[in-house]
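Worksheet: the structure to be examined is printed underneath.
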Amino acid sequence: MPDIREEFEKWAASHFIDVGSGNPLKKGPNGHYGFYVVATAWKSWQASRAALRVELPAKRSYSMYATKHECHAFNDAIEKANEALQQAGIEVKQ
């Protein structure tokens, strides 16, 4: 799964044209985008992801209502969802 910057750059590559350098995603020595509009869009992209906050269901324990395998599968799915959301820059409420 692509991370937040990869997603942004894929989107930005199709929305911005910098006639000066020919590459709107070119970064300076400091690692920041040299094209002001792209730099501003990147800050906005990050802020939009930070504004999202997801609460996942609690992990389950083995009980008479769920088998050990069902609990492991459920908990693995919760963990994978947590990792994917964080990789996308979305905060997961703990």
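FYI, it's all coordinate maths here, none of it is from the lab. These numbers were taken from a predicted model, which means no experiment stands behind them. Cβ sites come from the backbone with ideal geometry, for glycine too, and all protein chains shown count toward neighbours.
Computed from the C-beta positions of N82 and T40, the FRET efficiency with R₀ = 25 Å rounds to 0.25. For the chain, the longest principal axis of the alpha carbon atoms and the long axis of helix 68-87 meet at an angle near 10°. Shown for segment 1-51 is the translational diffusion coefficient from the Stokes-Einstein equation, using the Kirkwood radius over Cα pairs, a temperature of 10 °C and a viscosity of 1.306 mPa s: 140 µm²/s. Straight-line reach from K10: taking Cα to Cα under 19 Å and skipping same-chain neighbours fewer than 8 places apart, the aspartates and glutamates in range are D18.
Here each label is just a point 7 Å from Cα along the line to Cβ, and for I17 and V92 those points are 4.1 nm apart.
How would you classify segment 54-94 from its alpha-carbon gyration tensor, with a ≥ b ≥ c the square roots of the eigenvalues: rounded for a/c under 1.5, else prolate if a/b is greater than b/c, otherwise oblate? Cα axes put segment 54-94 in the prolate bin.
Calculated [222 nm] ellipticity per residue, helices only, for the chain: -15500 deg cm²/dmol; basis is -39500 (n - 2.57) per DSSP H run with n ≥ 4, divided by all residues, nearest 500. What the Cα convex hull of the chain gives, in volume per residue, is 113 Å³.
Computed from Cα positions, the angle between helix 36-50 and the longest principal axis of the chain comes to roughly 10 degrees.
Lysine pair count for segment 22-93 with Cα-Cα distance under 21 Å and sequence separation of 8 or more or different chains is 7.
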